[in-house]
Amino acid sequence: MTAYDVEPGDSVHPGDPVTVDRYTTGARANHWITATCLVLLALTGLALFSPWLYFITAMFGGGQTTRAIHPWIGVVLFFSFAGLFIRFWRANLWKAEDGTWLARLRDVLTGHEERLPEVGKYNAGQKAVFWLMSILIIVLISSGLVMWDQYFYGYTTIEQKRIAVLVHSAAAVIIICVWIVHVYAAIWVRGTIGAMTRGQVTGGWAWRHHRKWLRELVGGKTS
Ligand code: HEM
């Protein structure tokens, strides 16, 4: 199947559903492994962060197990996100129209998409989330390694570990906020979740939210 289910020459009747491929099975598996890791990291991390949240450790077999698995899930997330990064970095490069899109955020939030420039595969908001996640994951893995005493105790000083704890906690709070924005936007823009579950979106969704991408897909044949 091509990226667009309607081939030139097909007889298309008004009202026929048109679907557009957006993510391969591999990309979706990669995404949901990353998402699962982040949820598990948030839960195990919060459990270790505050005595008020220590009760969460019961879900993971107690304090010691929680402490042991948290860094390993972080390693899996790092490599899994690296997979997403390799797949999507190019589509997230900043373009001239992204500045205009951001400057008209009010129109985005009030649903006046007709006043916005045509958007490629990702809009400026999605690109910002992508780059923030990328930076924060690098900060989290590097600060995490500094305090992973089970394997790297001797390589860093107490002073460095103290700074790492602070940086790691701050980055974790920020990435949880970024993740909430990501999930909220995915639910708020109706039809988006299907992109990551079924791998497809409707032609209407693509035309409305990512018209430039749709035009590129059909090689400028869409009128
Ligand atoms: C668990 C809840 C999550 C949900 C419901 C969710 C949902 C989605 C959806 C629907 C898309 C497709 C958006 C589109 O094609 O326009 C998407 C894309 C994406 N998601 Fe998630 N996601 C979740 C968690 C995560 C996490 C934890 C990460 C990374 C740490 C992540 C990274 C990405 C990336 C990189 C993309 C591609 C968009 C881009 O490159 O700008 N997602 N997500």
Would a scan of region 207-218 turn up a residue that is more than 16 Å from the ligand (Cβ to nearest atom), in contact (Cβ under 8 Å) with a residue 40 or more places away in the chain, closer than 30 Å to residue 16 by Cβ and of a type outside the set (Lys, Arg)? yes
Matching option when the condition is within 20 Å of residue 39 (Cα to Cα) and either open to solvent by 80 Å² or more (accessible area, probe 1.4 Å) or touching a helix residue (DSSP H, G or I) at 6+ places or on another chain (Cβ under 9 Å) (or both), among 119, 146, 165, 108: 165
Take the residues in region 181-198 that are open to solvent by 50 Å² or more (accessible area, probe 1.4 Å) and near the ligand (Cβ under 8 Å from one of its atoms), then tell me which one is nearest to residue 24 (Cα to Cα). 197
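One line per residue, one yes/no per condition, for (1) within 30 Å of residue 66 (Cβ to Cβ); (2) touching a strand residue (DSSP E or B) at 6+ places or on another chain (Cβ under 7 Å):
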site	(1), (2)
119	no, no
122	no, no
137	yes, no
155	yes, no
170	yes, no
174	yes, no
182	yes, no
186	yes, no
206	no, yes
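Let's see how each residue does on (1) among the acidic types (Asp, Glu); (2) out of contact with any Leu (no Cβ under 9 Å at 6 or more places or on another chain):
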residue: 53; (1), (2): no, no
residue: 73; (1), (2): no, no
residue: 98; (1), (2): yes, yes
residue: 117; (1), (2): no, yes
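The values are calculated or read from the model by the stated rules, or taken from the named source; none is laboratory data. Keep in mind that what you see is a predicted model, and the values were worked out from it rather than measured. Every residue, glycine among them, receives a Cβ derived from its backbone with ideal geometry; neighbour counts consider all protein chains shown. Ligands, DNA and RNA are stripped out before the accessible areas are found, and what is left, the full protein with its side chains, is counted by its heavy atoms. Shrake-Rupley method; radii C 1.70, N 1.55, O 1.52, S 1.80 Å.
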